[in-house]
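Trainee: I have a structure I would like to understand better, so I am pasting it below and will then ask my questions one at a time.
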Amino acid sequence: MAKKTDDQLTIDQKMDKLDEIIEKMESDEGTLEESFNFYKEGVELLSSCNEAIDRVEKEVLKLSDSGETEPLEDYE
């Protein structure tokens, strides 16, 4: 099975991967270069999570009094 790229992961999977990176960085094992690479990967994952959450928020619908769904942004 092919490994999923970060863009193919769900938000939950990305957050789990971020947790793993944090644990590795906090373990005080590895080189400074490895830590820097973990940091870069974490920043990219965080950015990807934020973009995914923004997309989901735009898709959220609010149920009106008439039972119809309307975009949430109409209520801002």
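Trainee: Looking at region 1-12 only, could you name the residues that are at pLDDT 90 or above, assigned to a helix (DSSP H, G or I) and exposed (fewer than 14 other Cβ atoms within 10 Å of the Cβ)?
Mentor: Asp12
Trainee: Moving to a separate point now. Among the residues of region 22-76 satisfying the criterion of being assigned to a helix (DSSP H, G or I) and among the β-branched types (Val, Ile, Thr), which is modelled with the lowest pLDDT?
Mentor: Looking at the filtered set, the residue picked out is Val56.
The values are calculated or read from the model by the stated rules, or taken from the named source; none is laboratory data. For clarity, every value in this text was computed on a predicted model and none was experimentally measured. Cβ atoms come from the backbone with ideal geometry, glycine included; neighbour counts cover every protein chain shown.
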